[in-house]
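Heads up: the structure comes next, in structure tokens.
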Amino acid sequence: MPCLSHASSILSAAVLQLQPRSFTSQLRSSRTAALIASRGSSVGSLVQWRRCSLLLFSLFRINDIHSLVTSSYVKEKMENTSWCLGESKDRIRKLFNKVELSISSYDTAWVAMITSPASHRTPLFPQCLNWLLANQHLDGSWGLPDRHPLLMNDALLSTLASILALKQWGVGEDQINRGLHFIQSNIASIQDEKQHLPIGFGINFPSLIEYAQNLGINLPIEATILNTMIQKREIELQRGKQRNSEGWREYQAYVSEGMQDSQDWKTIMKYQRKNGSLFNSPATTAAVFQRLKNAECLGYLQSVLEKFGNAVPTIHPLDIYARLCMIDSLERLGINHHFKEEIRSVLDDTYRFWVQGAEDIFLDPTTCAMAFRILRLNGYDVSSDPFYQYSEDKFAESLKGYLKDVGAVIELYRASQAIIHPDESILVRQSLWTKQLLKQESSPYRLYADKLRRYVDQEVKDVLNFPLYANLERLLNRRSMEYYNVEETRISKSSYRSCNLASQEILKLAVEDFNICQSIHIEELKQLSRHYRLDQLKFARQKLAYCYFSGAATLFTPELSDARISWAKNGVLTTVVDDFFDVGGSEEELVDLIQLVEKWDVDINTACCSETVKIIFSAIHSTVCEIGEKSVKRQGRNVKNNVIKIWLDLIQSMYKEAEWQRTKTVPTIDDYMENAYISFALGPIVLPALYLVGPKLSNEDAETHELNHLYKLMSTCGRLLNDIHSFKREYEEGKLNVLSLHITQGNGASTAEDAIEKLKGDAEEKRIELLRLILHEKGSLVPRDCKDLFWKMTKVLHLFYMKDDGFTSHEMYSSVKAVINDPVISLMNY
């Protein structure tokens, strides 16, 4: 049966409930969403968007309600409305050119405390001191402006460090007093367990207090609070010494400014990087230079100040990681197709750094994992070998392992899903241990994250529920918009922000783009629902909404309208034809339909043996002819004959199954699968769409072993998943199923459980091989845009079969509504 067939009862209920709102209402909602997303924009921008929304409304109205929305229609309307998105896209493009980081008062204070080699009474970097004097907040604190309420400890740390820098050089008495008042007013947050702690806070903050006492500062901190902090520091230090792991030694080096006299300063120089820094941290590097006067440390600090002016960020450089994060966000939000050239340029640079063995990639598991995943999935040839240094035991001994960094574990888990070679056992093991850690609610790896907890918890839930191979683009886009934090603050030693990591412009474009695409989807679905007389076939399941949903959730951009409609129409038809061969047609009718498709050019009114055959053949005929006509503008030729052959292969394979069933023939497993991958009915859904996604596909390319192998891998994987899922029902009905054949014919599997495990392994092997062929570019004759369709359908299959019982009615209904019906309005979180 077709891949989507057993969803009929669920979708029947969904279709009854799913009444698309009027097009006017949809566009009004889209405009509202844009206004919300553009909060803080100028009045002129809002007026412009209002005009754009009105233009959208006027452009998308259709006078002839009987005509289908075509790709030319969509293209024309998108050209007329592209200026609505133009400004956002231009601003986002500028983010590719420069990574912007917020200034860290904490790190700037440590740089300001460095004494000049010429005189211990003067600062080496007076400009940093002047910056501190000029950048105190009205409440007396230093640190990020508009800080989150759960980042009060970060503000206390930055404020105390700034006070010490001013006191050390005998300046800013008024600023010092205001800073001390801020500390006194907010020191109670130290005892609030909900507060998010910067890395090393338990060591660095008590150390700053001790330095303040040495400078004669009377800190307004109660003795009990002070003693508790010092006690916690001693416990942490003692525990670390007992473990004496590499992770602990690296952590000690990272918080060198807080270790002071207990630090082995010369030993920590093994962590110095090629750019002269330690851990790309200005604060750590400043503390080391203050002690050792290392020339490379000085060179690093001078280079950072040259770039940022009179102050420094908490981490630099961050360029590779920040740009990868930006690409990841654009992909997850579904707007990466607007920035293909910019993304390719960044990935070319990243690949060059990968080949060169850049420290900023390979010394950080988070960046390494993200670079590997994004590069590999975009067709770059990258090896999984670097992950041997981040195996479970080695990761636990690293700095991020010691910190119990959930963000690093998430990225390692995501990277592990990009397996494309059968011998990548390192990724298999990596998937197992990272998934296990993420699944444990009480896991120690949940203790630290560089983001606020609510966003991290959602990220963990999302990555566990939707693996790479079961993540439909539009559902991912929707979830990503819902939890995208435009003012995201990252927490390292101190908090920082970067518009490359989170941007209101990115979210605004994502919302606008989603709603415009969804408006087109609604109109397409309305037109499709008027098209055929298939509802006259009482035996046939009506699955238009689901078939269209599977296309709209993966082929969502306006220019893919033709491919999307072809996908949906053929999905509906394959389901009807499957029911026809399964229960609805007599043997005479089955043979008649095959003969009609073989002859093709017939008088439909007189050639069909029954009204049922006439309805089905008419639907196939008109759909194939329509695809052929639409293919001319993209392929330069009519591909009707190619599509006829695809349909003929399907119905002949279905007839063979029907004959097996009628004659009680039990085929071998090999004979069954050789026929079953075709009868699974993905051919008419996916293969005709190849001609409508854009790239030229010659007859020779369409008949290559490469394309046929892609089709067979996808279909075989789907057939295996389907047969595992439907085994119980089909066994009770006496129908053929590969699982029942494995049980009855042996093949080393004596029980259903054993056979299921084997078939799951077979399906996984097919999926891995499929992804390898899709990503392999050297020598490939099939364009990547075409190959991607096979992966998109595979994701549809895996999402549906991910659970033992498939999607529930509620999950299905919610997913269809989210993609097709409900605009993004109030999902923004600020």
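The values are calculated or read from the model by the stated rules, or taken from the named source; none is laboratory data. Small disclaimer: the values here were computed from a predicted structure and weren't measured. In this analysis, Cβ positions are derived from the backbone assuming ideal geometry, glycine residues included, and neighbour counts consider all displayed protein chains. These area figures cover heavy atoms from the full protein model, side chains too; ligands, DNA and RNA do not enter into them. Shrake-Rupley method; radii C 1.70, N 1.55, O 1.52, S 1.80 Å.
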Single match in Lys493, Lys569 (criterion: open to solvent by less than 10 Å² (accessible area, probe 1.4 Å), within 29 Å of Asp592 (Cα to Cα) and charged (D, E, K, R)): Lys569
Region 597-625 - residue that is farther than 15 Å from Val576 by Cβ and touching a residue at least 24 places away in the same chain (Cβ under 8 Å) and, of those, most open to solvent (accessible area, probe 1.4 Å): Glu598
Residue, farthest from Lys712 (Cα to Cα), within region 788-822, restricted to residues that are charged (D, E, K, R) and either at pLDDT 90 or above or in a helix (DSSP H, G or I) (or both): Asp822
Filtered residue count, region 354-392, keeping only those that are of a type in the set (Lys, Arg) and touching a Lys or Arg at 6+ places or on another chain (Cβ under 8 Å): 1
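When the residues of region 117-131 are narrowed to those that are assigned to a strand (DSSP E or B) and surrounded by fewer than 20 Cβ atoms within 10 Å (Cβ to Cβ), which ends up modelled with the highest pLDDT?
Going through the qualifying residues, I end up with Thr122.
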Yes/no for Glu296 being open to solvent by 60 Å² or more (accessible area, probe 1.4 Å) and outside the structural domain of Leu180 (by the TED database): yes
Residue match in region 643-654 (condition: basic (Lys, Arg) and more than 27 Å from Arg564 (Cα to Cα)): no
Subset of region 309-325 [open to solvent by 20 Å² or more (accessible area, probe 1.4 Å) and over 20 Å from Ala358 (Cα atoms)]: Gly309, Asn310
The lone exception for Ala702 - which of (1) within 20 Å of Leu770 (Cα to Cα); (2) open to solvent by 50 Å² or more (accessible area, probe 1.4 Å); (3) modelled with pLDDT under 95 it fails: (2)
Matching residues in region 468-496 - criterion: being of a type in the set (D, E, K, R) and either assigned to a strand (DSSP E or B) or in the same structural domain as Ser814 (by the TED database) (or both): Arg490
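Can you go through Val643, Val624, Val632 and tell me which one is out of contact with any helix residue (DSSP H, G or I) (no Cβ under 9 Å at 6 or more places or on another chain), hydrophobic (A, V, I, L, M, F, W, C), over 30 Å from Gly746 (Cβ atoms) and assigned to a helix (DSSP H, G or I)?
Val632
For region 659-678, give me each residue that is in contact (Cβ under 8 Å) with a residue 40 or more places away in the chain and surrounded by fewer than 18 Cβ atoms within 10 Å (Cβ to Cβ).
Residues satisfying the conditions are Trp660, Gln661, Arg662, Val666, Pro667, Thr668, Ile669.
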Of the criteria (1) modelled with pLDDT under 95; (2) open to solvent by 50 Å² or more (accessible area, probe 1.4 Å), which one Gly216 fails: (1)
Among residues of region 451-467, those that are open to solvent by 30 Å² or more (accessible area, probe 1.4 Å) and assigned to a helix (DSSP H, G or I), counted: 8
Criterion violated by Glu524 - all others in (1) under 19 Å from Leu682 (Cβ atoms); (2) open to solvent by less than 10 Å² (accessible area, probe 1.4 Å) satisfied: (1)
Residue satisfying all of: in region 389-406; surrounded by fewer than 21 Cβ atoms within 10 Å (Cβ to Cβ) and out of contact with any strand residue (DSSP E or B) (no Cβ under 6 Å at 6 or more places or on another chain); nearest to Thr367 (Cα to Cα) among these: Gln389
Single residue of Gly240, Gly276 found to be open to solvent by less than 50 Å² (accessible area, probe 1.4 Å), of a type outside the set (Asp, Glu) and in contact (Cβ under 8 Å) with a residue 24 or more places away in the chain: Gly276
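Could you say which residue among Pro422, Pro386 is open to solvent by 20 Å² or more (accessible area, probe 1.4 Å), part of a helix (DSSP H, G or I), not assigned by the TED database to the domain that holds Ala552 and not acidic (Asp, Glu)?
On the way: Pro422 fails: part of a helix (DSSP H, G or I).
Exactly one of Pro422, Pro386 is open to solvent by 20 Å² or more (accessible area, probe 1.4 Å), part of a helix (DSSP H, G or I), not assigned by the TED database to the domain that holds Ala552 and not acidic (Asp, Glu), namely Pro386.
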Enumerated helices (runs of 4 or more DSSP H) restricted to region 132-225, each holding at least 3 residues that are closer than 30 Å to Leu403 by Cα and touching a Pro at 6+ places or on another chain (Cβ under 8 Å): 152-168
Top-ranked residue of region 641-655 - restricted to ones that are free of Cβ contacts under 8 Å to residues at least 60 places away in the same chain and within 21 Å of Asp785 (Cα to Cα), ranked as surrounded by the fewest Cβ atoms within 10 Å (Cβ to Cβ): Ile646
Hey, Ala681 modelled with pLDDT of 95 or more, assigned to a helix (DSSP H, G or I), over 14 Å from Leu773 (Cβ atoms) and among the aliphatic types (A, V, I, L, M) or not: no
Failed condition for Ile594, given (1) under 18 Å from Val643 (Cα atoms); (2) buried (at least 24 other Cβ atoms within 10 Å of the Cβ): (2)
Leu690 being hydrophobic (A, V, I, L, M, F, W, C) and in a loop (DSSP other than H, G, I, E, B): no
Members of region 298-347 found to be over 18 Å from Phe514 (Cα atoms) and hydroxyl-bearing (Ser, Thr, Tyr), listed by number: Tyr300, Ser303, Thr314, Tyr321, Ser345
Subset of region 771-787 that is hydrophobic (A, V, I, L, M, F, W, C) and under 21 Å from Ala563 (Cα atoms) - its residue that is most open to solvent (accessible area, probe 1.4 Å): Leu781
